[in-house]
Amino acid sequence: MDVCSVDIPIDDFTYTVNEGPNSFAGIFSNLYVECDVTYDLTDNLGNPYSNAVIPAFSTVSGDFNFETTDRLLAGNTYSLELKCTSVVSGNSLVEPFVATIRNDCFDTVLGEAFFNSAAYAHDLWTEGKFFFNDATSTKSGCGDFTYRLIFQDTTTVSVYTIDTTGSPFVSGTPTAKDPWTLQTFDLYIEATLGEFGSVTTTTPITLTVNDPCVNAVVTA
């Protein structure tokens, strides 16, 4: 009786978006090469495989490629079964495997955001505004950065906010002498690119808020 056997087992694998085709061929052989066999590929529930990750499959050879360029599929898991069936004997054998897709941005290298100047100063009750350069990613299309201000004094309740609608900048108008005019502050920016990591400026700016009353001139 003709039977199928597995020559090259398919181990569970992780596929990275845009890595190109992951090819599978010659997985099975049968006892009598003269006997015809057919192949089928389904999920573990018997449903058809997804063309989004397997663009073509041969029922004659059982060969197929697993591939995608769609980052929206990242995180998906496919439980699949490749089956070899002897046409004459009806004997069949299933090779199950699990494929998981991950975003190709997982290994992107982040570059820190940095301020345009090393130090900034402005007066109390007056808006301070200072620009910085966006963080960078070695891979494009991975999403937008979000930013967070980090003060040297973590107890400080910041009146400064970040605006990224154009050239990114930090702005704010302190109105209380304590703590703003009593010390200088080291100010960092933390940039986060979704799930792919974050990076913080290694060199902070020095922020000084001056009390304009100190040098006020009283006139009659």
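Values quoted throughout were computed directly from the atomic coordinates according to the rules given, and no laboratory measurement underlies them. Note that the structure is a prediction, hence the values are computed from the model and not measured. Every residue, glycine among them, receives a Cβ derived from its backbone with ideal geometry; neighbour counts consider all protein chains shown.
By its C-alpha gyration tensor, with a ≥ b ≥ c as the square roots of the eigenvalues, how is the chain shaped: rounded for a/c under 1.5, else prolate for a/b larger than b/c, else oblate?
It is prolate, given that a/c is not under 1.5 and a/b is the larger ratio.
Among all cysteines in the chain, which have no other cysteine Cβ under 4.7 Å from their own Cβ?
Here Cys35, Cys213 come out as lacking a disulfide-compatible partner, given the Cβ-Cβ threshold of under 4.7 Å.
Kindly state, to the nearest 0.05, the FRET efficiency for Leu72 paired with Thr42, given R0 = 30 Å and r defined as their beta-carbon distance.
On the way: r = 23 Å, r/R0 = 0.77.
The computed FRET efficiency comes out at 0.85.
With an 8 Å Cα cut-off and a minimum separation of 6 or more residues, compute the relative contact order for the chain in percent. Each step should come with its number before you reach the end.
Working: 467 pairs, mean separation 40.7, N = 220.
This gives 19 percent for the chain.
How high is the relative contact order of region 4-104, in percent, counting Cα pairs under 8 Å that sit 6 or more residues apart?
Averaging sequence separation for qualifying contacts and normalising by length gives 38 percent for region 4-104.
Taking 0.36 nm per intervening residue step and subtracting the Cα-Cα distance, what contour gain separates Phe131 from Ser58 on full extension?
Length gained, Phe131 through Ser58: 20.5 nm.
Packing-wise, with mean Cβ within 10 Å as the measure, how do 11-21, 178-188 rank, highest first?
Put in order of decreasing packing, that is 178-188, 11-21.
In terms of Cα to Cα distance under 19 Å, which aspartates and glutamates are near enough to Lys129, apart from those fewer than 8 places away along the same chain?
Asp163, Asp186, Glu190, Asp211
Mean residue ellipticity at 222 nm from the helices of the chain, using -39,500 (n - 2.57) per DSSP H segment of n ≥ 4 over the full residue count, to the nearest 500 deg cm²/dmol?
Mean residue ellipticity, 222 nm, calculated: -500 deg cm²/dmol.
State the Cα centre-to-centre distance between region 16-43 and region 46-100 in whole Å.
8
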